[in-house]
Every structure is written in structure tokens, then in C-alpha cells.
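**Q** After the C-alpha cells below, expect a handful of questions from me.
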Amino acid sequence: MLKTIFIDIDNTILSFSEYVKKAMKDGFFKFNLKPYEDWMFDTFNRINDDLWHQIEEGTLTLEELKKIRWNLIFEELGVEYDGPEFEEYFRGELFSSAILEPGAVDMLEYLSKRYVLCAASNGPYDQQINRLKVGGVEKYFSYIFVSSKVGASKPSREFFDCCFKELYEGEGTIYLPQEAMIIGDSVNADVIGGKNYGMKTCLYRAQGDLGEMIPEADYVIGSLMDVVELL
């Protein structure tokens, strides 16, 4: 029987993709760069996904990502500008960004009445906490686990070890991995990480794009409200 649900933040509760598009459009105008076009987001997404995959694998740190991300993106886009300076702008805007994914609040309302809810995210702790507050959804979570504070990143076993240890200390009872589910948009960080730890897994594919079958995922959903039907 499920007792606790872990939920990713970016592109699961809060739409990181929509934030990026807005930040690129506004930032390119602010710094007098070439006009933003929709195809540029695909370049950001590909490079950013690769960098975060390196973080998940332990071959890159968050601080290293901050130094190189926009330099790599600008190089492909043919933009001449200081990457770290744009990164500072980008992160400053992200700190207060809270564009909710469709159905996020209704899903959290439903789940919070039935399970212990835990946010589980890779990223800077203060930033993720503030974004949940701005979005009005922090109140639904009993625990918020963020890699920079935990000291390890999803999908590592160390990340989930710390989460379950804090759950035990906070709830005064042992929570087993098989009594937990993780919901998120990342096949590697959320689905494979959760599956390897012994948890049930639910892959969220926004806009109903279910795509290829993912054997590690117990469920694949195209709408957050599909969770209500599953649980």
C-alpha cells in the first residue's frame, strides 16, 4: 500500500520550459541580442538536458554548469555575449518564476489528503523553495528534498537514502521504498532512479505526448489529473 508520494518540481509541478521561453525572449531584448525565435528553445533544451544528465551522473557540478551553460548555448545560436552574465540574469528571474503545470494544484489537493507528499528536486534549495512559495503550492508538501541541501542528486541512491532517513525521523515510523511512488518528467532522474531504489514510478509527459514505452515506468501519464485515476 502506498504511503508517500515523491513529486519532481521542474516540468512536473512548475513549468520550467515555459519559464525558459519567456526568460530567453525577455533577456534577448534586455541585452540587445538577436530577436528570440521559437527554434532557439530546442537548442537550449538539448544542451541543458545534456548538462543536467552529467550532473545526475556525477561528472559535472551545479557550479560548473552555471559557468558554461549559456556560453555553449550562445555559441550554437551565433550570439556574442558573456554566458555567465546571462546566467546570473537567468537565475535571478528563475528565483521568482512559478508557472504552474496544468492540473498541478488539483492533483496536489487530491494527493495531500491521502499521502505524505515530498517534493524531490535537483537544483538550488533556496530557489526551489521560493518558487514553490510563489506558486502557492509549498503548503501541500510535508517534506521538500532538494539536491543542494541533501548533498546528493537524483537518481543516486544517496539522494533517496537521505530522503527516507528524514521521513523516518520526521514521522517516527519506517517508510519502505515499495510503499512510495515518484512522479516526474525525467526518465533518468525520476523513473530509473526511483525504480532502482525499489519505488513505484510514474512518468509525466506534458501535453499528452506519451511517446515511446519506458519499461522502468509503472505508469506513463499525459495529464497530471491522470494521477487521480491511478491512485
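**Q** (1) part of a helix (DSSP H, G or I); (2) open to solvent by 60 Å² or more (accessible area, probe 1.4 Å); (3) farther than 27 Å from MET181 by Cα; (4) not aromatic (Phe, Trp, Tyr): which one isn't true of THR43, the others all being true?
**A** The failed condition is (2).
**Q** Can you list residue pairs whose Cβ atoms sit under 8 Å apart, with the first residue in segment 4-16 being within 11 Å of ALA206 (Cβ to Cβ) and the second being open to solvent by 10 Å² or more (accessible area, probe 1.4 Å) and assigned to a loop (DSSP other than H, G, I, E, B)? Count only pairs 6 or more apart in sequence or on different chains.
**A** ASN11/GLU101; ASN11/ASP185; THR12/GLU101; THR12/ASP185; SER15/ILE99; SER15/GLU101
**Q** Could you say whether any residue in segment 9-27 is open to solvent by less than 40 Å² (accessible area, probe 1.4 Å) and farther than 22 Å from SER186 by Cβ? Talk me through it step by step, then tell me what you get.
**A** Keep residues of segment 9-27 that are open to solvent by less than 40 Å² (accessible area, probe 1.4 Å), which gives 9-17, 19-20, 23-24, 27.
Those still in the list that are farther than 22 Å from SER186 by Cβ too: 27.
Checked against the condition, which is being open to solvent by less than 40 Å² (accessible area, probe 1.4 Å) and farther than 22 Å from SER186 by Cβ, segment 9-27 yields at least one hit.
**Q** Just wondering, is there one or more residues in segment 108-131 that are farther than 19 Å from ILE221 by Cβ and of a type in the set (A, V, I, L, M, F, W, C)?
**A** Checked segment 108-131: at least one residue is farther than 19 Å from ILE221 by Cβ and of a type in the set (A, V, I, L, M, F, W, C).
**Q** Residues that are farther than 28 Å from GLU229 by Cα: find the helices (runs of 4 or more DSSP H) completely inside segment 90-160 holding 3 or more of those.
**A** Numbers: elements: 104-112, 125-134, 147-150.
The qualifying helices (runs of 4 or more DSSP H) are 125-134, 147-150.
**Q** Could you tell me which numbered condition ILE73 fails, if it satisfies all but one of (1) touching a Ser or Thr at 6+ places or on another chain (Cβ under 8 Å); (2) not in a helix (DSSP H, G or I)?
**A** Against the list (1) touching a Ser or Thr at 6+ places or on another chain (Cβ under 8 Å); (2) not in a helix (DSSP H, G or I), ILE73 comes up short only on (2).
**Q** Give VAL79, VAL105, VAL137 a once-over and let me know the one that is closer than 30 Å to MET1 by Cα, open to solvent by less than 50 Å² (accessible area, probe 1.4 Å) and in contact (Cβ under 8 Å) with a residue 12 or more places away in the chain.
**A** Numbers: VAL79 fails: closer than 30 Å to MET1 by Cα; VAL105 fails: open to solvent by less than 50 Å² (accessible area, probe 1.4 Å).
Of VAL79, VAL105, VAL137, the one residue that is closer than 30 Å to MET1 by Cα, open to solvent by less than 50 Å² (accessible area, probe 1.4 Å) and in contact (Cβ under 8 Å) with a residue 12 or more places away in the chain is VAL137.
**Q** Give the residues of segment 151-165 that are free of Cβ contacts under 8 Å to residues at least 60 places away in the same chain, within 15 Å of LYS195 (Cβ to Cβ) and open to solvent by less than 30 Å² (accessible area, probe 1.4 Å), sorted by residue number. Before you say what the answer is, go through the steps one by one.
**A** Here is the first cut: in segment 151-165, the ones free of Cβ contacts under 8 Å to residues at least 60 places away in the same chain are 151-152, 157-162, 164-165.
From what is left, the residues that are within 15 Å of LYS195 (Cβ to Cβ) are 157, 159-160.
Hits for segment 151-165 are PHE159, PHE160.
**Q** With the requirement that a residue be modelled with pLDDT of 95 or more, open to solvent by 60 Å² or more (accessible area, probe 1.4 Å) and assigned to a helix (DSSP H, G or I), what does segment 170-187 give you?
**A** Across segment 170-187, the qualifying residue is only GLN178.
**Q** What about THR59, is it open to solvent by 40 Å² or more (accessible area, probe 1.4 Å), over 18 Å from the mean Cα position of the chain (by Cα) and polar (S, T, N, Q)? Reasoning before the result, please.
**A** Details: open to solvent by 40 Å² or more (accessible area, probe 1.4 Å): yes; over 18 Å from the mean Cα position of the chain (by Cα): yes; polar (S, T, N, Q): yes.
Answer is yes for this residue.
The values are calculated or read from the model by the stated rules, or taken from the named source; none is laboratory data. Since we're looking at a predicted model, the values are computed, not measured. Methodologically, a virtual Cβ is constructed for each residue, glycine included, from the backbone with ideal geometry; neighbour enumeration extends over all protein chains shown. These accessible areas exclude ligands, DNA and RNA; they are computed on the full protein's heavy atoms, side chains included. Shrake-Rupley method; radii C 1.70, N 1.55, O 1.52, S 1.80 Å.
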